[in-house]
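Data first, discussion second: the structure below is written as structure tokens.
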Amino acid sequence: MARRGGMHIARRRAMVAITSLLCTVAPTGLHAQGMSDRPITIVVPFTPGTGIDILGRLVGEHLRQRWNQPVVVDNKPGASGSIGTQNAARAAPDGHTLMMTANTFVTNVPLYPNIGYDPVADFAAIIKVATGDLVLTVNPSVKVNSAAALLDLARAQPGGLKYASPGVGTPQHLFMELFKLATRTDIVHVPYRGSAGAVQDVVAGHVGIMVMPLHTALPLERTGKIKLLAIGSERRSPMANDVPTLIEEGVAGFNVDLWYGLFAPARTPADVVARLNSEVNAILALDPVRVVLRDQGLEPAGGAPDALASLMRTDLAKWQKVIRDANIKPE
């Protein structure tokens, strides 16, 4: 019952966050001409209140204001995001259907061979919207204060340490399996059905190690419930600049984070993709948007469509290898 109450509180907080995001939007008095008088639909393959949903509503409301054109967020959750993703892939490639999603859109493909879409062939990348850092954490009962010390401990007792994750194939799980492959260590995976139970058991000391989103981990660290050992990204986070990266801790080339992107169906005209990219880049440059995203633990990204397309291809190849080499099978 406590876990269910915690989930309800988290959902209410997320919905409050959505409202605050929309309140940051203010008319500029200048409206560019929209693509048409038809609504633009942003498909979100997850439930309302998730980080992806918040990003979809933020971008959608700003597009509505800037173009004076209706924008609708359509939540289509289910099957690890594949239901909404398939729906978006089948839409007409005219710029009126977009999809806001996360990098699980790519990592799920080698995990579920019959997932029903190809992220490269079925979609046109528009823009990388934001990133979120992942951090390697331990319960204070694990007597290490650095990732290097954790590696020494793991090598001294192969199979003696355990790590929790929200489930098989989640970014936290894949992070740790890549970490194990890169460092040739044996740490036992304890999968949960969602983050709440995993975090609770790490805080309680039932499981010693977990990778968490940084914005989830920071409040727990500040109250002494966990220790932060290293950031998975290639650069330190401005939210926790005193926490080193795994690269700094000796894990060469390690670079894993959460990323969120906006996509259109394949064969969407290049000029439509370019216009959407320009508009969302402008939205992400707005100070109120950047502040609120950072309050949600996200770093505004932006950039060219080709940058997101390249990231998608690189990630697909990387996680295909990790899933094969670590022999990860869906539950």
Counting other C-beta atoms within 10 Å, which of Met35, Met99 has the fewest, and how do the rest follow?
Met35, Met99
Ordering of 83-91, 258-266, 71-79 by packing [mean C-beta count within 10 Å, highest first]
258-266, 83-91, 71-79
Per residue of region 60-71, in order, report the coupling 6.51 cos²θ - 1.76 cosθ + 1.60 (Karplus, θ = phi - 60°) as ³J(HN,Hα) in whole Hz, putting x for Gly and Pro.
x, 5, 5, 4, 4, 5, 6, 9, 6, 10, x, 10
State the Kirkwood hydrodynamic radius of region 134-256 in Å, one decimal place, computed from all pairs of distinct Cα atoms.
14.0 Å
Which entries of Lys128/Lys321; Lys76/Lys227; Lys76/Lys162; Lys143/Lys321; Lys76/Lys128; Lys162/Lys329 have Cα-Cα distances beyond 29 Å here?
Lys76/Lys227; Lys76/Lys162; Lys143/Lys321
Treating region 99-145 as a set of equal point scatterers at the Cα positions, no solvent, please give the Debye-formula log₁₀ I(q)/I(0) at q = 0.19, 0.23 Å⁻¹.
-0.74, -0.91
Net charge of Cβ neighbours under 15 Å - reference Lys162; Lys, Arg +1; Asp, Glu -1
-2
Taking θ = phi - 60°, what integer Hz values does the Karplus form 6.51 cos²θ - 1.76 cosθ + 1.60 yield along region 288-302, in sequence order, with x for Gly and Pro?
x, 5, 5, 5, 5, 4, 5, 5, 8, x, 10, 9, x, 10, x
If R0 = 25 Å, then Arg155 and Glu234, at their Cβ-Cβ distance, give a FRET efficiency to the nearest 0.05 of 0.55
Return the calculated 222 nm mean residue ellipticity for the chain, to the nearest 500 deg cm²/dmol, obtained by summing -39500 (n - 2.57) across DSSP H runs with n ≥ 4 and dividing by the residue count.
-13500 deg cm²/dmol
If you project the alpha carbons of region 179-331 onto their three principal axes, what span does each projection cover, largest first, in Å?
53, 38, 32
Amide H neighbours of Ile127 at under 5 Å, excluding residues fewer than 5 places away on the same chain, with H built from the backbone geometry, are Leu262
I'd like the FRET efficiency for Glu331 and Ala266, computed as 1/(1 + (r/R0)^6) with the beta carbon distance as r and R0 of 25 Å, rounded to 0.05.
0.25
Starting from 0.36 nm per residue, how many nanometres of slack lie between Arg193 and Ala304 once their C-alpha separation is accounted for?
36.4 nm
From the gyration tensor of the Cα coordinates in the chain, what semi-axes in whole Å does the equivalent ellipsoid have, largest first, with each one equal to sqrt(5λ)?
35, 21, 18
Would you kindly compute the Cα radius of gyration of region 253-331 and its largest Cα-Cα separation (Dmax), both in Å?
15.9, 44
Sequence-distant or interchain residues sharing an amide H contact under 5 Å with Val71, placed H: which?
Ile40
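Readers should treat all values here as calculations from the given coordinates under stated rules, not as data from a laboratory. Fair warning: this is a prediction, and the values are worked out from it, not measured in the lab. Glycine gets a Cβ as well: all are built from the backbone with ideal geometry, and neighbour counts include every protein chain shown.
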